[in-house]
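For reference, the structure is listed below as structure tokens.
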Amino acid sequence: MARRRKRKKFELSVPLNHLALIMDGNGRWAKRRLLPRNEGHRRGARVIFDIAEACVDLNIPVVSLYAFSTENWSRPQEELDFLFSHLEEEFRNRRDELIENDIKIIVMGDITRLPQSTQDVVNEIIELTKNNKSLIVNFGLNYGARDEITRAASMLASDYKEGKLEKEAINNKTFAKYLYTAGLPEVDLLIRTSGEERLSNFMLWQVAYAEFIFTKTYWPDFNKKRLIKCLKQFEKRNRRYGGL
Ligand code: IPE
Ligand code: IPE
Ligand code: MG
């Protein structure tokens, strides 16, 4: 009787402390199938949590996901309504699973502009998962890097004015403490799906020395196997940080 050979588990040979993902292509995925855009968002949301679980398996400690940008408000109201109500539903449905998998949810971006019901669900999940340790999933929600940086500058100015911070103490390290990502490691790898090769205002400060991978796969078709393919490319990169 032929015995099925167990496939070797993929293990990263280089450190990857923070993975950032620009989850793009939901609309085009749907269009290609002659489906409404919302169907693409529905499928895309499912993939988010599959990838989060894959990151636990792959021992990646932090993953940042671009879910909604400060520029996405320009979309039709109908699409915005769907995006938020579906996000709420998805968070509710996945709540127990996230707790079981020891996943901690945090958010970057000004969520006070989101519908109240969405804010409630998001805040609840943040509270419920706050002591989890296996993986941090950092959601960009109404996130824009330019807003993040100007917000940091404004908070820093207040602290200076109130005498909590000396001018001489302002450097890269102290500035980074005012960003949403305070306390998180630097982004090592940024992956954008859908074939677009741009940052679209995502984590401009944090990707200063990240490796970039642009894949043609639309987000709803992204999966663990495709993630591992990207990780294999990442392993081959020669990260020099300005040195030799
Ligand atoms: C990414 O997919 C999801 C969000 C920006 C919310 P898109 O909705 O941008 O899909 P495309 O780029 O139109 O295919
Ligand atoms: C970036 O995707 C934002 C998210 C993935 C949430 P977009 O689809 O909004 O980016 P552009 O408009 O193509 O640059
Ligand atoms: Mg897009």
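The condition (being more than 16 Å from ligand 3 (Cβ to nearest atom) and at pLDDT 95 or above) is satisfied by just one residue among Pro36, Pro15: Pro15.
Looking at (1) small (Gly, Ala, Ser); (2) within 10 Å of ligand 1 (Cβ to nearest atom); (3) surrounded by fewer than 18 Cβ atoms within 10 Å (Cβ to Cβ), can you tell me which one Ala67 breaks? Checking Ala67 against (1) small (Gly, Ala, Ser); (2) within 10 Å of ligand 1 (Cβ to nearest atom); (3) surrounded by fewer than 18 Cβ atoms within 10 Å (Cβ to Cβ), the one that fails is (3). The number of residues in region 17-44 being more than 7 Å from ligand 1 (Cβ to nearest atom) and in contact with a strand residue (DSSP E or B) (Cβ under 9 Å, 6 or more places away or on another chain) comes to 6. Looking across region 92-107, the residues that are buried (at least 17 other Cβ atoms within 10 Å of the Cβ) and closer than 20 Å to Gly140 by Cα come down to Arg94, Leu98, Ile103, Lys104, Ile105, Ile106, Val107.
In region 197-224, the residue that is farthest from ligand 3 (Cβ to nearest atom) out of those that are out of contact with any helix residue (DSSP H, G or I) (no Cβ under 9 Å at 6 or more places or on another chain) and not in a loop (DSSP other than H, G, I, E, B) is Phe212. Only a single item in (1) within 12 Å of ligand 1 (Cβ to nearest atom); (2) within 29 Å of Leu135 (Cα to Cα) is not met by Ser74, and it is number (2).
The residue that is surrounded by the fewest Cβ atoms within 10 Å (Cβ to Cβ), among those in region 140-184 that are closer than 21 Å to Leu199 by Cα and of a type in the set (Asp, Glu), is Asp147. Quick one: is Glu197 closer than 22 Å to Cys55 by Cα and exposed (fewer than 15 other Cβ atoms within 10 Å of the Cβ)? No, not satisfied.
Anything in region 76-91 that is without any contact (Cβ under 8 Å) to a residue 40 or more places away in the chain and surrounded by 16 or more Cβ atoms within 10 Å (Cβ to Cβ)? List them, or say none. Please lay out each step first, then the result.
Step one: filter region 76-91 for residues without any contact (Cβ under 8 Å) to a residue 40 or more places away in the chain, giving 76-78, 80-81, 84-85, 88-89, 91.
The answer is Leu80, Phe84, Glu88, Phe91.
Give the residue that is nearest to Val187 (Cα to Cα), with candidates limited to residues of region 36-55 that are open to solvent by 70 Å² or more (accessible area, probe 1.4 Å) and not basic (Lys, Arg).
Let us first name the residues in region 36-55 that are open to solvent by 70 Å² or more (accessible area, probe 1.4 Å), namely 36-37, 42-43, 46, 50.
Still in the running and not basic (Lys, Arg): 36, 50.
Numbers: Pro36: 34, Asp50: 21 Å.
In this case the residue turns out to be Asp50.
In summary, helices (runs of 4 or more DSSP H) completely within region 96-196 and bearing 2 or more residues that are closer than 22 Å to Phe68 by Cβ occur at 116-129, 145-161.
The values are calculated or read from the model by the stated rules, or taken from the named source; none is laboratory data. This structure is a prediction, so every number in the text was calculated from the model and none was measured. So basically every Cβ, Gly included, is an ideal-geometry build from the backbone, and we count neighbours across all protein chains shown. Calculation scope for accessible area: heavy atoms of the full protein, side chains included, ligands and nucleic acids excluded. Shrake-Rupley method; radii C 1.70, N 1.55, O 1.52, S 1.80 Å.
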